[in-house]
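For reference, the structure discussed in these notes is given below.
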Amino acid sequence: MKNHLTLNVTVRATTGRSASRRLRKANSIPAILYGKHTEPEKLSIDGPEFVRLLKSVAGRAVLLELSRADKPEKALSFLQEVQRDPITDKYLHVDLHEVKADEKFEIRVPIRLTGESFGVKNQSGVLEIVTQTLRIRCLPKDLPTAVDVDVTELKVGETIKVGQVKAIPGVDFLDTKGQPVVACVEPVAEVVVEAPVAAAAATPEGAAATPAAGDAKAGAAAPAGDAKAGAAAPAGDAKAAAPAAGDKKAPAAGAKPAAGAKPAAPAKK
């Protein structure tokens, strides 16, 4: 028989979460074997041996011969499901589906692309795999490791569907014939996003720049209320300068003081 590997398993005497944790600590993996004609059987698999087995499988569809010390005959099965811890990536549990050598069974088989696409070679197209696996029915002896899909004549804009896949002797395809398997599509155009350019404020040639509001160094006139007004004299200067813009107006000569205000002291001679 082709496409099969051997796996050593041991019957588990105890079950439950605690027993499974003890198995994992002992570097073993809890497993279960079930099928159409047999009762589910609790098993354990050596961890390092299972890792080596998966490397040998390498994504192919293969059958496993289960070797047990307590039974002389070898059960034939395939990997139905492998559970792994999402954090530690350790194997938590393995489901094995038993099959009979003289009975057809259903299994999912990976596709394998062959040839060089015309669209990729001559039209700058890109291959897009729509379906990674195909569901088939066959006898154990007719199980292919993968379903070959020839893409040599595939052009841009074309799709190969399940009904167009080359037939395999003894194998029945169970997926819908119109289901796409692989397509050749146009490459996605790259979108170039340009950085926004800051618009510079252009000043007309020969024009004087307008001072900003509140600027201490205004052009000719100081802003209202500025302590250092343009023509204001320093404090204590005998020659009083004209009041800055915004200051209170000085009383005119000869004007009477406002009611209630004290008269100004006479200047010293």
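In table form, for the structure just shown:
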| quantity | calculated |
| --- | --- |
| Flag for Ile87 being exposed (fewer than 11 other Cβ atoms within 10 Å of the Cβ), closer than 19 Å to Ser20 by Cα and of a type in the set (Val, Ile, Thr) | yes |
| Qualifying positions in the range 114-144 - closer than 14 Å to Pro180 by Cβ and hydrophobic (A, V, I, L, M, F, W, C) | Leu127, Ile129, Val130, Leu134 |
| Residue among Ser28, Ser67, Ser77 that alone is touching a His at 6+ places or on another chain (Cβ under 6 Å) and surrounded by 10 or more Cβ atoms within 10 Å (Cβ to Cβ) | Ser77 |
| Which listed residue, of Pro40, Pro30, Pro110, is within 29 Å of Leu134 (Cα to Cα) and free of Cβ contacts under 8 Å to residues at least 24 places away in the same chain | Pro40 |
| Flag for Ala61 being part of a loop (DSSP other than H, G, I, E, B) and buried (at least 16 other Cβ atoms within 10 Å of the Cβ) | yes |
| Residue in the range 93-100 that is modelled with pLDDT under 95, over 18 Å from Thr145 (Cβ atoms), of a type in the set (A, V, I, L, M) and assigned by TED's automatic domain parsing to the domain that holds His37 present | no |
| Any hit, the range 109-123, residues being modelled with pLDDT of 95 or more, within 30 Å of Pro40 (Cβ to Cβ) and surrounded by 14 or more Cβ atoms within 10 Å (Cβ to Cβ) | yes |
| Answer from Val156, Val99, Val171 - the residue that is closer than 30 Å to Leu43 by Cβ, of a type in the set (Val, Ile, Thr), surrounded by 17 or more Cβ atoms within 10 Å (Cβ to Cβ) and touching a Cys at 6+ places or on another chain (Cβ under 8 Å) | Val171 |
| Unique residue being in contact with a Gly (Cβ under 8 Å, 6 or more places away or on another chain) and closer than 26 Å to Leu139 by Cβ when the list is Glu81, Glu98 | Glu98 |
| Within the range 8-25, considering residues that are outside any helix (DSSP H, G or I) and of a type in the set (S, T, N, Q), the one surrounded by the most Cβ atoms within 10 Å (Cβ to Cβ) | Thr10 |
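For (1) among the aromatic types (Phe, Trp, Tyr); (2) within 27 Å of Thr10 (Cβ to Cβ); (3) touching a helix residue (DSSP H, G or I) at 6+ places or on another chain (Cβ under 7 Å), each residue gets a yes or a no:
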site: Tyr91; (1), (2), (3): yes, yes, yes
site: Lys100; (1), (2), (3): no, yes, no
site: Pro110; (1), (2), (3): no, no, no
site: Thr114; (1), (2), (3): no, no, no
site: Leu139; (1), (2), (3): no, no, no
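The values are calculated or read from the model by the stated rules, or taken from the named source; none is laboratory data. If you're wondering where the values come from, they're calculated on a predicted model, not measured in any experiment. Here the Cβ is made from the backbone with ideal geometry for all residues, glycine too, and neighbour counts use every protein chain on show.
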